[in-house]
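Colleague: This is the structure, below, for whatever I ask next.
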Amino acid sequence: MYYIHVEFSDADGAPRRDELRDFGFDQGFLRDYLEVALPGEIPARVVEVQRGRYGIMFRGEGGKLAESDVVASGHLIHETAVGSSLPTVGDWVVARLSDDGRQAASIKGVLPRRSAFMRRASGDKADRVNAQVLAANVDAAFIVAAADARWSPRRIERYVTLAYEAGVAPVVVITKTDLVDCPGDYLAEAQALGPGVSAVLVCAPNGQGLENLDPWLTIGKTVVLLGSSGAGKSTLLNALAGSEIAATKAVRSDDDRGRHTTTHRELYRLPSGALVIDSPGLREIQILAGEAALAEAFADVEAFAASCRFRDCGHGAEPGCAVRAALEKGELDHGRFNGWRKLQREVAFLAAREDPRVAAEQAHRWKTINKSMRGYTKERRSIQGKSR
Ligand SMILES: Nc1nc2c(ncn2[C@@H]2O[C@H](COP(=O)(O)OP(=O)(O)OP(=O)(O)O)[C@@H](O)[C@H]2O)c(=O)[nH]1
Ligand SMILES: [Mg+2]
Ligand SMILES: [Zn+2]
């Protein structure tokens, strides 16, 4: 008999305390898991990614949470080569148990992602864009930006676009507010990035402002920390955790800029029960996003553009250009306009060279079974068929 390792209610129907559920596992993921799992396979969440090895969290003996260090199965790696995705931090996966049933041994497949943060992988070629999934199944993105010389609304709005592409709420967390006289100026600049963008001022070392992040840090919810190296992501994580769970390092001198203190991606659980993904700062944000995300991130600019006399207005010398009029009247910031144009060009470039993986990820974002898992279901069906 096949024993299902996940239980949601006692005989009286009351929810049972389930540690896997505290990691964000719910009825939807359970359904997806049951659809594809074979005997001896369990649901697990990827909590750490280090060069081809994955730390996964699952219900071990006695229902207690256990962690194993595993690899992806050969089957999954093969499928990845033809279009689906390797596991990433935050993923819910189907893992195979070791022969003695005590440990997880490998990852057989990735369950459909509810959200995915993607960027262009390094080393992609001009004719072909490769996607890298940075984090999955995230509920909110904390865009961590320091109130210092590297402050850049242009960079922040790129992250905002990335968050919209992932279908996730963007929250700008402004750090190092202890180092400036007027933190309110930074807050205003962040808030000007659109009505959907929340912004919060914090000083992580002394805990100031952290309570303003509480709405996003609730039990079982997952937040990813995004932002440049040195912005203070790991410092923020430690402050929220109340202990030094991640390494941090003093701001580097300029010749040292490329070095990251955080060197891998990991999901941590806070005392509040919220889950936080820390990762190395991205050196450059080669974003992967489509027109819809761009329109959402730049709704204010697009609203002006919608009033231009010509639908295909290039916002140059055309008569009746509402965008140029807004720029001249000071209703639209020049920097923001230029940021929008630059991203538009990038989005157009991407649309022309789309990685099948990106298309696949977009199609799978809302609860469809991914390709590797479909093959997998067939495999299970044929096994069942044979035993009948
Ligand atoms: N004064 C001040 N310093 C801060 C604050 N937050 C972070 N720092 C300092 O900034 C430096 C970099 O912080 P990290 O947390 O290591 O930065 P990170 O974003 O995790 O960097 P990577 O791991 O390389 O991506 C450390 O020396 C922190 O002590 C803050 O609110 N105020
Ligand atoms: Mg760090
Ligand atoms: Zn125009």
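Colleague: Counting Lys +1, Arg +1, Asp -1, Glu -1, what net charge surrounds residue 69 among other residues with beta carbon under 15 Å of its beta carbon? Kindly include the intermediate steps, with their values, before the conclusion.
Modeller: On the way: positive: 45, 51, 53, 96, 102, 265; negative: 48, 67, 266.
Taking every Cβ under 15 Å from that of residue 69, the sum is +3.
Colleague: Taking 0.36 nm per residue of sequence separation and subtracting the Cα-Cα distance, how much length would be gained by fully extending the chain between residue 331 and residue 318, in nm to one decimal?
Modeller: Stretched out fully, the residue 331 to residue 318 stretch lengthens by 2.8 nm.
Colleague: Return the subset of 108/342; 64/176; 233/329; 176/329; 64/108; 221/329 for which the Cα-Cα distance in this structure is over 32 Å, preserving the input order.
Modeller: Violating the 32 Å Cα-Cα cut-off are 108/342; 64/176; 233/329; 176/329; 221/329.
Colleague: What accessible area per residue, rounded to a whole number of Å², is obtained for the range 19-112 using a probe radius of 1.4 Å? Walk me through the numbers before you get to the answer.
Modeller: Numbers: 3680 Å² over 94 residues.
Heavy-atom accessible area per residue stands at 39 Å².
Colleague: Between residue 69 and residue 179, what length in nm is gained on full extension when 0.36 nm per residue of separation is reduced by their alpha carbon distance?
Modeller: That pair, residue 69 and residue 179, stretches by 35.5 nm at full extension.
Colleague: With each label point set 7 Å from Cα along the Cα-Cβ vector, what nm distance links residue 214 and residue 303?
Modeller: Those two pseudo-labels are separated by 3.2 nm.
Colleague: For residue 341 and residue 154, calculate 0.36 nm times their separation in residues minus their Cα-Cα distance, and state this gained length in nm to one decimal.
Modeller: Fully extending the segment from residue 341 to residue 154 adds 66.2 nm.
Colleague: Could you run the Karplus curve 6.51 cos²θ - 1.76 cosθ + 1.60 with θ = phi - 60° over the range 103-114 and give me ³J(HN,Hα) per residue in whole Hz, x for Gly and Pro?
Modeller: 10, 7, 10, 7, 9, 8, x, 9, 6, x, 8, 8
Colleague: Still on this structure: Which Rg and Dmax, in Å, describe the Cα atoms of the range 19-112?
Modeller: Both quantities, over Cα of the range 19-112: 12.2, 38 Å.
Colleague: Another one. With N set to the number of residues, divide the alpha-carbon radius of gyration of the range 176-242 by 2.2 N^0.38 Å and report two decimals.
Modeller: 1.14
Colleague: Sticking with this structure for a sec: For a quick check of understanding: with a 1.4 angstrom probe and all protein chains in place, what accessible area in square angstrom does residue 214 have, to the nearest ten?
Modeller: Accessible area of residue 214: about 90 Å².
Colleague: Let me ask something additional. Any chance you could look up the accessible area of residue 263 with a 1.4 Å probe, heavy atoms only, rounded to 10 Å²?
Modeller: The accessible area of residue 263 comes to roughly 110 Å².
The values are calculated or read from the model by the stated rules, or taken from the named source; none is laboratory data. All values reported here derive from a predicted model rather than from experimental measurement. For neighbour counting, all protein chains shown are included, and Cβ atoms are generated from backbone atoms with ideal geometry for every residue, glycine included. All accessible areas refer to the heavy atoms of the entire protein, side chains included, with ligands and DNA or RNA removed. Shrake-Rupley method; radii C 1.70, N 1.55, O 1.52, S 1.80 Å.
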